[in-house]
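Undergrad: Let me begin by handing over the structure; questions about it come next.
The values are calculated or read from the model by the stated rules, or taken from the named source; none is laboratory data. Everything numeric in this text was worked out from a predicted model, so none of it was measured. Counting neighbours? That spans all protein chains shown, and the Cβs are built from the backbone with ideal geometry, glycine included.
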């Protein structure tokens, strides 16, 4: 862990984020192991929501799930109405997109050298 001690390892936190996104019916969820190619995060969770309301619900559920584990976001960017959000939990970065924005940014391709850990269509 980069900052402080946590009760869970980064991979476990990433899995918690995947579970939380899935609970709010996020689509096309991927968990990528970025440790070999990235210096600012160990894992990326990328998912999509079909509406602003669903994107907000995914964001809230991921935030609550990780907060229960004692982890708060270090930083966040984006806007629900803009169709993309980034939640930075230090070693785990969560990206939530509307379908058009996900297609535009193509993070899955940008980070193609990462190792896929989970993929939920």
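Undergrad: When the residues of region 103-121 are narrowed to those that are outside any strand (DSSP E or B) and touching a strand residue (DSSP E or B) at 6+ places or on another chain (Cβ under 9 Å), which ends up nearest to residue 35 (Cα to Cα)?
TA: Kept after step one, since they are outside any strand (DSSP E or B), are these residues of region 103-121: 103-114, 121.
Restricting the remaining residues to those that are touching a strand residue (DSSP E or B) at 6+ places or on another chain (Cβ under 9 Å) gives 103-105, 107-108, 111, 114, 121.
Details: 103: 24, 104: 25, 105: 21, 107: 16, 108: 15, 111: 11, 114: 8, 121: 23 Å.
If we take residues in region 103-121 being outside any strand (DSSP E or B) and touching a strand residue (DSSP E or B) at 6+ places or on another chain (Cβ under 9 Å), then 114 is nearest to residue 35 (Cα to Cα).
Undergrad: Next question. Please name all residue pairs, on different chains or six or more residues apart, with Cβ atoms under 9 Å, provided the first residue is in region 83-98 and is without any contact (Cβ under 8 Å) to a residue 40 or more places away in the chain and on the phi > 0 side of the Ramachandran plot and the second residue is outside any strand (DSSP E or B) and surrounded by fewer than 22 Cβ atoms within 10 Å (Cβ to Cβ).
TA: 83/52; 83/98; 83/99; 83/100; 83/101; 83/102; 83/104
Undergrad: I need the full set of residues from region 53-78 which are touching a residue at least 40 places away in the same chain (Cβ under 8 Å) and out of contact with any strand residue (DSSP E or B) (no Cβ under 9 Å at 6 or more places or on another chain), in order please.
TA: Selection gives 61, 64, 65, 69, 70.
Undergrad: Looking at residue 81, is it in contact with a strand residue (DSSP E or B) (Cβ under 9 Å, 6 or more places away or on another chain), at pLDDT below 95 and part of a helix (DSSP H, G or I)?
TA: Judged against the criteria, residue 81 is not a match.
Undergrad: Please state which one of 87, 100 is within 20 Å of residue 25 (Cα to Cα) and part of a helix (DSSP H, G or I).
TA: On the way: 87 fails: part of a helix (DSSP H, G or I).
Selected residue: 100, the only one of 87, 100 that is within 20 Å of residue 25 (Cα to Cα) and part of a helix (DSSP H, G or I).
Undergrad: Sticking with this structure for a sec: In contact (Cβ under 8 Å) with a residue 12 or more places away in the chain, surrounded by 13 or more Cβ atoms within 10 Å (Cβ to Cβ) and more than 15 Å from the chain's Cα centre (by Cα): does that describe residue 48?
TA: no
Undergrad: Applying the selection to region 51-78, what residues are modelled with pLDDT of 95 or more, in contact with a helix residue (DSSP H, G or I) (Cβ under 7 Å, 6 or more places away or on another chain) and surrounded by fewer than 17 Cβ atoms within 10 Å (Cβ to Cβ)?
TA: Those that are modelled with pLDDT of 95 or more, in contact with a helix residue (DSSP H, G or I) (Cβ under 7 Å, 6 or more places away or on another chain) and surrounded by fewer than 17 Cβ atoms within 10 Å (Cβ to Cβ): 52, 56.
Undergrad: Now for a separate question. Of everything in region 3-49, what is more than 22 Å from residue 110 (Cα to Cα), part of a loop (DSSP other than H, G, I, E, B) and at pLDDT 95 or above? Give them in sequence order.
TA: 24, 25
Undergrad: Within region 24-44, how many residues turn out to be touching a residue at least 40 places away in the same chain (Cβ under 8 Å) and in contact with a helix residue (DSSP H, G or I) (Cβ under 6 Å, 6 or more places away or on another chain)?
TA: Qualifying residue count, region 24-44: 5.
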